1. Mind listing which trypsin sites (Lys or Arg not before Pro) in segment A:58-145 are in a DSSP loop and have 15 or fewer other Cβ atoms within 10 Å?
2. Counting other beta carbons within 10 Å of each residue's own, what order do A:ILE96, B:ILE80 fall into, fewest first?
3. Name the residue from B:VAL379, B:LEU127, B:LEU358 whose Cα lies farthest towards the positive end of the charge dipole of the protein assembly as shown, charges +1 on Cβ of Lys and Arg and -1 on Cβ of Asp and Glu.
4. Could you go through segment B:84-91 in sequence order and give the Karplus-derived ³J(HN,Hα) for each residue, using 6.51 cos²θ - 1.76 cosθ + 1.60 with θ = phi - 60°, rounded to whole Hz, and x for Gly and Pro?
5. Take every residue in peptide A:45-58, count the Cβ atoms of other chains within 10 Å of its Cβ, and give the average of those counts.
6. Once you order the gyration tensor axes a ≥ b ≥ c over the Cα atoms, which shape class does segment B:229-320 get: rounded for a/c under 1.5, otherwise prolate or oblate by comparing a/b with b/c?
7. Over segment B:258-407, what is the relative contact order in percent, taking alpha-carbon pairs closer than 8 angstrom and at least six residues apart?
8. Principal axes first, then extents: for the Cα atoms of segment B:368-494, list largest minus smallest coordinate on each axis, whole Å, largest first.
Amino acid sequence: MKPVIRDSGGFVAGLLFLSVGLGAIGIASGYRVGSALHMGPGYFPVVVGVLLVLVGAASVVRALSVTVVGGERVALRPVLVIGAAVAVFALSIDRIGLVPTVFISALLACMAGSKPAVLESCVIAAVLSVMAAGIFHYGLKLPFSLF
Amino acid sequence: MDLFAHLATGFGVALTPDNFLYCLLGATFGTLVGVLPGIGPLTTIAMLLPLTFKMTPVASLIMLSGIYYGAHHAGSTTAIMLNTPGDPSSIVICLDGHPMARQGRAGPALCISAIGSFFAGSFGVLLMALFSPPLASVALRFAAPEYTSLVLVALIATVVLARGRFLLNIGMSLLGLLLGTVGTDIESGTMRFTFASPNLADGINFIIIAVGVFAFAELIANLGRGGLARTAPAPLRSLLPQRSDLMASWKPILRGTALGSALGLLPGTGPMVSSFAAYSLERQLAADRGRFGNGAIEGVAGPEAANNAAAITHFIPMLTLGIPAGAAMALMLGAMLVQGIAPGPRMISEHPDVFWGLLASMWLGNLMLLVLNLPLVGVWIKLLSLPYRILVPAILIFCCIGVYSVNNSAFDVMLAAGFGVLGYAFSVLRCQPMPLIVGFILGPVLEQNMRRALLLSRGDLGVFVTRPISLTLLVMAVCLLGWAAYSMRPGRDG
């Protein structure tokens, strides 16, 4: 009989655990592993990695036999847009300063919903920029350059 | 008596104008996020953590814990008025609270839940005052082997008792342990899993993971569900409960308080599990079960008391043993470490002002919530008309600035973006982030103690079973695992 994946969530999660576990064993066995008496830096990660591989494998096997109904549909737009908004913040904060960064990043975050209104988004972004400057630069005196 | 002297110190600390203000601020903020669906105490604590670094340790803890219990206090308001739980621990309040509101009894439901919350919260604080010092003095005698076993029990209890599926929970906990090893190994100086990046040499700051897997992932998940639907609030007439309501509620409040206080102590359970357990207890005990789901006041009083008692006793393992019983406590523990205070058995004697000040502020905070919430119900309901699409950019920006300001590092923000996407993937795969963050916090503690224990025993693993406390703890761990395996037997969704 051909194996059928009955629980895709458990299957993917199992694969994730399995691959991270294998990766951890691969990398950590490069550190000194040592013995139980003198544990090296590699000992603990290798043990955890082995357990992770076992759990991952068990989860994959279980996903072939136990049916789990339902599951969430992946919402691609919010993932990409929210991810991008944070990434843009990370890339620009050291280059163009707090106010423009907050404006661009907030504008992008407004686009994550299903029907963004352009004018409203601009207003929200502008208000947040002013608030961020007021609270963090002038209020808490954190070392942000404004522009 | 000693206790009164300590309490006097505590109230002395909590009643200084600054700390009182932070308590009020925390409780108010907690109420706000407790009322607003889609932003919970975890997101808020993660978001505001960096802002607290410049406060004194006491002030920051007072404020952060105010957010936590405040949110649990207030989550029931929206559950009753709108059938929308403000936070997960008030899901069960919807079952009977909202039908009560539909029958025009919103006032009594709100009032009983406020009284129940205050009673349960106060009882939790009392338990904390009575039992934390003895618990800490027992724990003071713990050496490395006991600590290793204790952390193991905590980790296993977390994966067994947490929501979600057992196997996936174990996987998440192990992932957390691995993430905890990133950075320079303290004993050998070896760089582990840093991929030659100097940004990872000090390890991953827990705030990055918290903001990523809680705040960002929650934003994405909520947006993916098409924002949050709103219903019209039920009418609110008189606030005062009738005599019959009080008579029907006092026993459920007592039972809920007892149940919640006990469950709050266990790693992995906490307020949400407590409120569910209290609801089913009340339903079991009821003479007429048909009333449940149709506005039975016992179904509001019991769970609401349980939820708030647990929200307080949840702190006890963290403050006395250094073992966080849930995700929020893991964040609090992280906040204390940043402030240079290591929670654990020594904290009560070394930083009595912090411990007793926090304790006193919790009682004051509960009092404030009782006084503030009821008259302001109308205001909180108004706030609900704030659309989620405005909250999204605000939460995102606050989180980004927060993460950045920890180390002034843009790399950290990028890493948080990665953890956000990963956290969303976890939520799609139905993997709970809670075991991950607890594993991350406890991982280094486990590794260090295990190393030390085995060094002292000359590599003999027997050290964990020959010492009585350690053996007891390990037996508990095995029992928990056995129980989990039993409930995972074929035919059930483990």
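Throughout, read-outs are computed from the coordinates displayed, never taken from laboratory work. In this text the structure is predicted, and so the values were computed from the model without any measurement. All Cβ positions, glycine included, derive from the backbone under ideal geometry; neighbour counts span all protein chains shown.
1. Values: sites: A:ARG62, A:ARG73, A:ARG95, A:LYS141; in loops: A:ARG73, A:LYS141.
Taking segment A:58-145 and a limit of 15 other Cβ atoms within 10 Å, the loop trypsin sites (Lys or Arg not before Pro) found are A:ARG73, A:LYS141.
2. Values: A:ILE96 14, B:ILE80 34.
Going from least to most buried by this count: A:ILE96, B:ILE80.
3. B:VAL379
4. Result, rounded to whole Hz: 10, x, x, 8, x, 6, 10, 4.
5. For this peptide, the per-residue mean of nearby foreign Cβ atoms is 5.
6. Details: a/c = 1.94, a/b = 1.58, b/c = 1.23.
Taking the square roots of the gyration eigenvalues as a ≥ b ≥ c, segment B:229-320 is prolate.
7. Numbers: 141 pairs, mean separation 29.0, N = 150.
RCO, segment B:258-407: 19 percent.
8. 61, 42, 40 Å, listed from the longest principal axis down.
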